[in-house]
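Written out below as structure tokens is the structure these notes cover.
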Amino acid sequence: MSACLGIWELVCLWVGVGVVAGTISINYSYEMIHQKPRVERWIADILLAMVLYAYFCRGITAILARCEIW
């Protein structure tokens, strides 16, 4: 695959896939965070942490608040 694509094409492909995957992950986890089962909320926190989106991630913000970094 890399023989067919130049370096800038690979970078654009990498960034494009990352943006699409991050958008889907944020939207899906935002809906999961409002569910009743604790497992679904936990999975939503993991998905939000994977894309470094800590605004809705309760675990990360709680840790940062305790450390007085936030």
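Values computed for the structure shown
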item: Test: residue in region 23-40 that is modelled with pLDDT under 85, within 16 Å of the chain's Cα centre (by Cα) and of a type in the set (Lys, Arg); result: no
item: Any pair with Cβ under 9 angstrom, 6 or more apart, that starts in region 5-24 at a residue that is free of Cβ contacts under 8 Å to residues at least 12 places away in the same chain and ends at one that is open to solvent by 70 Å² or more (accessible area, probe 1.4 Å) and assigned to a loop (DSSP other than H, G, I, E, B); result: Leu10/Met1; Leu10/Ser2
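Residues checked against (1) loosely packed, with under 10 Cβ neighbours inside 10 Å; (2) under 18 Å from Val51 (Cβ atoms):
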residue: Ala3; (1), (2): yes, no
residue: Val15; (1), (2): no, yes
residue: Ser25; (1), (2): no, yes
residue: Gln35; (1), (2): no, no
residue: Arg38; (1), (2): yes, no
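The values are calculated or read from the model by the stated rules, or taken from the named source; none is laboratory data. Since the structure is predicted, the reported quantities are computational estimates derived from the model, not experimental observations. Methodologically, a virtual Cβ is constructed for each residue, glycine included, from the backbone with ideal geometry; neighbour enumeration extends over all protein chains shown. In case anyone asks, the SASA skips ligands and DNA or RNA and just uses the protein heavy atoms, side chains included. Shrake-Rupley method; radii C 1.70, N 1.55, O 1.52, S 1.80 Å.
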